Each structure stands twice: as structure tokens, then as C-alpha cells.
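Single-structure report; data block below.
Derivation of every value follows stated rules applied to the coordinates shown; laboratory data play no part. Just so it is clear, the model here is predicted, and its values are computed rather than measured. Note: ideal-geometry Cβ built from the backbone for every residue, glycine included; neighbour counts use all protein chains shown.
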Amino acid sequence: MQFPVYLRIFSLQIHPHWVFESLAYFIGFRIYRRGRTGSGDHLNNSDRLWIITAAIIGAALGSKLLYWLESPITTLQNWHNLFYLMAGKTIVGGLIGGLFAVEFTKQRLGITRRTGDLFAIPLALAIAIGRIGCFLSGLGDETYGTPTQLPWGVDFGDGIARHPTQLYEVIFLLLLAGWLYWLRSQPHREGDLFKTFMVAYMGFRLVVDFIKPGVALLGLTAIQWACAIMLLYYVRDLPYLLRVKEAESR
């Protein structure tokens with residue numbers, strides 16, 4: 001396989017990252033809309049619009065900020081390079097930025113209900129779809145793993161077999177989406193689906209990023225530190241998330 005794996009429509013050649021990222025947004029939003037139907041969502045249209053807007057803006061800012069912190073020296077060297085500053089983004093930063101932007105907005109609007117459950121499954125599936133595009137993009141996407149001698153190592157074009165960490169993430173997220181779908185039908189507290197998604201994804205990224213290149217500070221990259229902080233943020237919920245059914249029945 002030669003990377004990037006361009007998708008061809010007649011004479012048109014399309015980069016896989018653009019295709020799968022667009023599919024991720026489209027399919028994720030469709031699943032969200034379907035999940036909202038009959039879910040008992042009591043938000044009015046104005047509040048819902050504010051929350052979605054806050055999530056989009058917070059995700060955009062968070063994804064950029066954590067991307068810049070991934071390699072602070074490179075960021076400082078390219079501080080006046082607009083293309084560099086606008087090009088990169090991180091999923092972990094997007095999730096964290098979106099979360100806190102929504103929480104801030106809800107506080108300002110006086111909304112006390114948990115609103116994240118509808119986003120849990122769409123996010124898991126959308127990220128999985130996007131990661132397929134990351135894999136097909138090869139070295140240029142910079143989401144590959146470290147060199148490996150395992151039989152499923154992938155040569156992305158530089159002659160070195162590497163961990164296909166993008167595919168590891170796809171498999172994990174599909175399993176997580178299935179778990180969330182099952183959990184949705186079980187007794188649970190409002191908000192626990194989204195918390196389960198966040199804890200599972202942050203835990204996965206904390207572990208899998210040990211086999212991804214990155215600039216480490218005290219043994220962890222910026223993304224891993226962000227994941228660790230988020231796990232601490234949810235530490236009070238862990239006993240409930242690990243036994244959701246029992247927690248609801250008490």
C-alpha cells in the first residue's frame with residue numbers, strides 16, 4: 001500500500017483525511033439527531049443552540065492549544081507562521097475544550113441538567129471514522145506509532161514498520177460505542193454515558209500514546225498530561241461508572 005491512499009472519483013483525486021473527516025462530522029451529527037428523537041431532551045431550541053455553539057468553539061480552541069503545547073519549542077519557532085498555527089489539532093484538546101466551554105455556558109444559562117449523554121456514541125463513532133482517514137494519510141498526519149517488529153507493523157512510506165495506532169484507536173472506539181449502546185439501555189445516572197466515554201477515551205490515549213512519538217515532559221507528552229488531568233477530574237465518578245446499574249438502584 002502506498003501512502004497517502006488517495007480516493008479517486010473519475011479523474012478527481014481526493015485526500016483521504018478530508019474525505020473521512022467530512023464523513024465523521026456528517027455521520028456523527030446524523031447519529032446525534034437520531035438519538036435526540038424520543039430521548040426526553042427537554043432543552044429549548046435557544047439553549048440547545050448555545051450549548052452546541054459553545055461545544056464547537058471550545059473544541060476548536062482546545063484542539064489548537066493542546067496541539068501547540070505538544071511541541072512548545074516548534075510552536076515558538078513558528079509563532080508567526082499562520083499555516084503552522086492553523087494546520088494542526090488534537091482530539092483530546094478538542095474534547096476537553098468542548099467540555100469546559102459547555103459547562104461554562106450551562107452555568108451562565110442556569111442549566112443544571114446533564115446534557116452530554118446524547119454526544120457519547122456519536123463522538124465515539126465519529127472519531128473512529130476520522131482515524132481511518134488518519135491511517136490512510138500516512139506519515140503526513142503524524143498520528144502513527146513508534147517502530148515495531150510485530151507482524152502487523154505498517155510501513156507508511158519511510159521503510160520503517162510502525163504501530164498502526166490509528167487502527168488500534170478505531171477498534172477501541174468501535175468497542176466503546178458498542179458498550180455505550182448497551183449501557184444506554186441499562187439503569188444509569190444522567191450524564192454517565194458521556195462520563196464513561198471521556199474516562200475510557202482519556203485512559204486509552206494515556207496508554208496508547210506511550211507507543212507514539214512525542215516530546216515528553218517528566219515522562220509524559222502534553223496529550224498524556226491532559227488525559228491524566230481529566231482522569232483526575234472524573235475520579236469522584238469512577239465508583240459509579242464502574243457499577244452504573246447498582247448506583248442507580250440505590
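Points worth noting:
- Long-range tail of P(r) for the chain (Cα pairs > 34 Å, %): 19
- Packing-based exposure ordering (other Cβ within 10 Å, fewest first) of Glu142, Glu21: Glu142, Glu21
- Against the chain, whose longest principal axis comes from its Cα atoms, helix 117-137 is set at around 0 degrees.
- Full-stretch length increase - Ala161, Ile14 - with 0.36 nm per residue and alpha-carbon distance subtracted: 50.4 nm
- Kirkwood Rh (inverse of mean 1/r, distinct Cα pairs), region 44-112, angstrom: 12.8
- Restricting attention to the chain, the count of lysine pairs at 8 or more positions apart or across chains with alpha carbons under 18 Å apart stands at 4.
- The label-point distance for Val207 and Ser22, in a model that sets each label 7 Å from Cα toward Cβ, rounds to 3.6 nm.
- Amide H contacts of Asp155 (H built 1.01 Å from N, under 5 Å, at least 5 apart or other chain): Arg162
- Cβ-placed point charges (K, R +1; D, E -1), dipole of region 70-167 about Cα centre in debye, nearest 20: 520
- Put a dot 7 Å past the Cα of Phe100, heading toward its Cβ, do the same for Gln2, and the two dots end up 4.5 nm apart.
- Spread of Cα-to-Cα distances over 5 Å intervals beginning at zero, given as percent, for region 1-129: 2, 9, 14, 18, 17, 14, 11, 8, 4, 2, 0
- Two-site FRET efficiency, Arg113 against Ser46, from Cβ-Cβ distance with R₀ of 22 Å, rounded to 0.05: 0.90
- Two-site FRET efficiency, His80 against Phe29, from Cβ-Cβ distance with R₀ of 30 Å, rounded to 0.05: 0.25
- Against the chain, whose longest principal axis comes from its Cα atoms, helix 222-233 is set at around 10 degrees.
- Computed helical MRE - 222 nm, the chain, DSSP H runs ≥ 4 contributing -39500 (n - 2.57), nearest 500: -20500 deg cm²/dmol
- Highest-first arrangement of 119-125, 98-104, where packing means the average Cβ count within 10 Å: 119-125, 98-104
- Mean Cβ neighbour count within 10 Å, used as a protection proxy, ranking 182-191, 132-141 highest first: 132-141, 182-191
- Between helix 165-184 and the chain there is an angle of about 10 degrees, using the helix long axis and the longest principal axis of the Cα atoms.
- Remark: the Ile229-Thr37 segment gains 65.7 nm on full extension, using 0.36 nm per residue and subtracting the alpha carbon distance.
- Modelled label positions at Leu139 and Ile57, each set 7 Å beyond Cα in the direction of Cβ, lie 4.1 nm from each other.
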